[in-house]
Amino acid sequence: MHFSPLRGPDLGDAGASLAFSQPALIVNLSGERFMNEGIGLNPTYNVNAVIRQKNHAAFLIFDEATRRQYEEVGLDIPPDGVMSLRYTSNVAIGLQQALDRGNKDVFVANTIEELAGKAGINQDGLRRTVAEYNQACETGRDLLFNKNPRYLKAVKQPRFYAGKLFLGANGSLGGIKINYKTEVLNKDFDVIPGLYAAGYDANALYGDSYAYLLPGNTMGFAVNSGRIAGENAAKYVKSFGK
């Protein structure tokens, strides 16, 4: 499967939704951190981390101070690398509109305990994690995951916000077994005569994770494997004329 980056809840407002795509505090259902949230720049890493959690569930959490920063200063990681306040000028409005519509994937509370209860997160675990995380923010040192100090923002000031994160799929990647001639193999790894596969459906270069460090690198395999498949298919057809 070719997973897209983690995405936050669909709030119907670009700025509000993007607020849940930032390297803020992320916890699982136990209320525990499980990764360096700053690795969100490479979704291969964060998706693999989330998919290993119970129910594939994770929640991004920030407080009122961080919400105001997103609106007044801008995002920590702006979309497409462009810092623009137009994306985040209505975070509060977008959040409230989502709640008014009955959105079940975003939660707002006046205490950490209340937030945990609404989101279904273990309260003791979240309380402990927030305390540890705030200490890391104060010292500027994340001893647990070595998160970039730039992204260490305390979760102290009510109101508190949480959004459930989701895994998405852009498309399939791999699955069909081929040999070096791009001939398709059966379950016993024997060649199926006259059948060739190329591109995404035969791409086994990445295992179960697409390498976002070099976006578009499947295109090279698609072009070259297509060429190889075409050449060998032509040879196969011509062999009947001999």
Within the stretch 124-140, is there a residue that is within 24 Å of the chain's Cα centre (by Cα) and part of a loop (DSSP other than H, G, I, E, B)? no
Quick check on my filter: what residues within the stretch 87-119 are part of a loop (DSSP other than H, G, I, E, B), free of Cβ contacts under 8 Å to residues at least 60 places away in the same chain and not hydroxyl-bearing (Ser, Thr, Tyr)? Gly102, Lys104, Asn110
Tally time: how many residues in the stretch 115-124 are out of contact with any strand residue (DSSP E or B) (no Cβ under 7 Å at 6 or more places or on another chain) and farther than 20 Å from Lys153 by Cβ? 5
Would you be able to tell me the number of residues in the stretch 81-113 that are in contact with a strand residue (DSSP E or B) (Cβ under 8 Å, 6 or more places away or on another chain) and at pLDDT 95 or above? 4
Could you list, ordered by first residue, the pairs with Cβ atoms under 7 Å in which the first is in the stretch 120-149 and free of Cβ contacts under 8 Å to residues at least 40 places away in the same chain and the second is part of a helix (DSSP H, G or I) and not acidic (Asp, Glu), at least 6 apart or interchain? Gly140/Pro149; Leu143/Ala136
If we keep just the residues of the stretch 17-33 that are in contact with a Pro (Cβ under 9 Å, 6 or more places away or on another chain) and assigned to a helix (DSSP H, G or I), which is modelled with the lowest pLDDT? Ser17
Can you tell me which of (1) surrounded by 15 or more Cβ atoms within 10 Å (Cβ to Cβ); (2) within 23 Å of the chain's Cα centre (by Cα); (3) modelled with pLDDT of 95 or more is the one Asn146 doesn't meet? (1)
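The values are calculated or read from the model by the stated rules, or taken from the named source; none is laboratory data. If you're wondering where the values come from, they're calculated on a predicted model, not measured in any experiment. Counting neighbours? That spans all protein chains shown, and the Cβs are built from the backbone with ideal geometry, glycine included.
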